[in-house]
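To start, the structure under review is shown below, and the notes come after it.
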Amino acid sequence: MIVRAIEQLGAGTLYHVRDLGRMAGFLGYTLAGCFKRPFRLGELVRQLRQIGVNSTPLILFIGLFTGMVLGLQGYYTLSKVGMEGTLGMLVSLSLIRELGPVLTALMVTGRAGSAMCAELGIMRNSEQFDALECMAIDPFRYLISPKFLATIIALPILTTMFDLIGIFGGYLSGVVLLGVNPGAYMNGIEVKVLNEDISLGIYKSLAFGLLVVWICTGRGYFVQQIKNAGFGAEGVSRVTTQAVVYTSIAVLLWNYLITAVFI
C-alpha cells in the first residue's frame, strides 16, 4: 500500500512537471506568433471587440456598485474616528491598487477567458488544429496570438474604466447619499493618489491579462492531454471549469506577490 502511494505521488509529480513544461512551451510559441508576418490585424480587432468592448457593460456595472459599497463601508468605518473627509482617498486607493485590477481580471476570466478555453477545446477535439497544420498554417499566429495581444491590451483599459466608475460610485454613496463634503472627497483623491499607485494598478492589470489569456487558451489547446478531463463536450466543460479556477487562483496569488514587492 505504501509503494502504491509512492507510485501515485511520483506519477502525479511527473504529470504536473510535464504539464508545466507544455504550458511554458505554449507561452513561447504564442509570443513568437505575435511577431510573425503577416499580422492578423482584422482578427486582433475582432478579439478586442469580443474581449474588451463586449466586457465593458459588465465592468462598468460591477465597478459602479463596488465603488458604492466601498463608499458606504468606508463612511461607516471612518465615521467612528471622525475622518469622513478621507473617504475619497480610501475609495480611490482601494480601487486603483487592489480591487480594480483583481475584479476586472476575474470578470474577464469568467466572461471571455472561459469562452476562449471552450473555443480552442472544441477546435482541438474536432481536429481543426490538425487541419491548419496540414495546410502549413501556424495555429499560434492564426488563432492564439491575436487573443493574447487583445487581452494584454484590453485589461489595462478595462481596469482604468473600473477604477473611474468605482470612484464615481463612491462619490454617489459618500457625497450624494451620506453628505460627505465633496471638496474633501476630491481633494483626498488629488493629494493622496500618487503616480506609484497608478503604476502599480497598471502593472497588475498587465500581469493579470497575461495570466488570463495564457491559462485559459493553454487549457483549451491541451484539452486532450489533461488528466481526467474526459472526451468530447464533457472534456471541454471540465477543462473550461478548471481554467477559470486556475486563473482565479493565479490572479489572487500574483496579486499578493506583486503587492508584497511594490508596497
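What follows draws every value from the coordinates through simple rules; no lab data is involved. Remember, it's a predicted structure, so these values are computed and weren't measured experimentally. Because the Cβ atoms are built from the backbone with ideal geometry, glycine has one as well, and the counts that use them run over all protein chains shown.
Below is a table of values for the structure above.
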{"read-out": "Span from the segment 191-221 Cα centroid across to the segment 1-23 one, whole angstrom", "value": "31"}
{"read-out": "Principal semi-axes in Å for the chain [√(5λ), Cα gyration tensor, largest first]", "value": "40, 22, 15"}
{"read-out": "Nearest-0.05 FRET efficiency for Ile157 and Tyr256, computed from C-beta distance (R0 25 Å)", "value": "0.55"}
{"read-out": "Orientation-averaged projected area, Cα convex hull of segment 1-107 (nm²)", "value": "13.1"}
{"read-out": "Packing rank of 139-149, 167-177, 247-257, where each peptide gets the mean count of other beta carbons within 10 Å, highest leading", "value": "139-149, 167-177, 247-257"}
{"read-out": "Karplus-derived 3J(HN,Hα), 6.51/-1.76/1.60, for each residue of segment 193-208, Hz, glycine and proline x", "value": "7, 9, 4, 5, 5, 5, 5, 4, x, 5, 4, 5, 5, 5, 5, 5"}
{"read-out": "Cut-off 15 Å between beta-carbons: net charge of the residues surrounding Asn54, Lys and Arg +1, Asp and Glu -1", "value": "+3"}
{"read-out": "Distance between modelled label sites at Phe35 and Phe65, nm, 7 Å Cα→Cβ extension", "value": "4.5"}
{"read-out": "Theoretical FRET efficiency, 1/(1+(r/R0)^6), r = Cβ-Cβ of Leu172 and Arg22, R0 41 Å, to 0.05", "value": "0.30"}
{"read-out": "Segment 201-263: C-alpha gyration tensor shape, a/c 1.5 cut-off, then a/b vs b/c", "value": "prolate"}
